[in-house]
Amino acid sequence: MSAVDESIVREFFELHGFLVCQRRKYIVQTRQKSADEEVDLIVLNPVAPPGATPTEFEITSKTLSQVSRAIVAVKGWHTEIFAPGLLAHQPKIFRFVEKRAIDEAQRLVGSEGLVKLLVVPGLPRDNKTRQRSIELLRSKGVDGVISFRSILQELIASVATNRNYQKSDLLQTLRLLKNYELLKEPQMEFKWKRRTKKAAA
């Protein structure tokens with residue numbers, strides 16, 4: 001995971017009032033990481049009801065308030081879709097839900113309502129493949145996923161061009177891109193049905 005990916009996810013959680021702890025400040029040199037080193041962030045929502053857990057698997061900004069505390073693994077493979085085939089051949093994705101990682105997180109923030117979240121580029125669009133992916137993730141112990149697309153959309157929408165984000169390189173970059181109209185607000189998409197010649201007649 002790159003520092004940019006982690007910064008994006010950190011800003012997203014902080015935008016929603018979470019306290020964010022980065023588990024490691026160094027890069028592990030060994031080829032095999034331990035389970036607790038696969039946890040990128042531990043987040044705590046100080047205003048969530050005790051033990052609150054999300055009701056939906058795909059977490060959005062609307063359902064994020066249902067998370068009281070979580071361990072977060074960030075998989076910024078932006079050229080990959082997390083389909084069942086990829087998940088089956090990448091067992092290291094699930095190392096963050098192993099007992100050692102969970103025990104370490106519980107030691108820091110407690111066990112009540114602790115959920116395991118995976119930040120991914122996106123799930124498949126095909127409903128059947130999407131459902132199979134969700135079932136596989138759940139079977140491995142993942143409680144929810146957040147897509148990078150939804151995270152970026154929310155961060156872009158939250159940035160105001162008339163503010164100076166000196167304390168965040170990421171938000172300042174987004175602000176400059178919006179200010180010079182190189183980055184536009186997400187637009188609502190409407191699906192228009194093309195009229196056939198028969199219908200037009």
### Query
Roughly what would the spin-label model give for Gln90 and Leu19, points 7 Å off Cα along C-beta, in nm?
3.2 nm
### Summary
segment 72-144: relative contact order from alpha carbon pairs under 8 Å, six or more residues apart, as a whole percent, is 48 percent
### Efficiency of FRET between Gln153 and Asp126 - r from beta-carbon atoms, R0 22 angstrom, step 0.05
0.55
### Task
Write down the radius of gyration of segment 3-154 and its Dmax, each obtained from C-alpha positions, in Å.
14.5, 40
### Query
Over 23 Å between Cα atoms, which of Lys75/Lys99; Lys75/Lys116; Lys62/Lys116; Lys62/Lys128; Lys75/Lys167; Lys92/Lys140 qualify?
Lys62/Lys128; Lys75/Lys167
#### Entry: Rel. contact order, % - alpha carbon contacts under 8 angstrom, at least six apart, segment 3-154
26 percent
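FYI, it's all coordinate maths here, none of it is from the lab. Note that this is a predicted model, so its numbers are computed, not measured. Quick reminder, even Gly has a Cβ in these numbers, built from the backbone with ideal geometry, and neighbours come from all protein chains shown.
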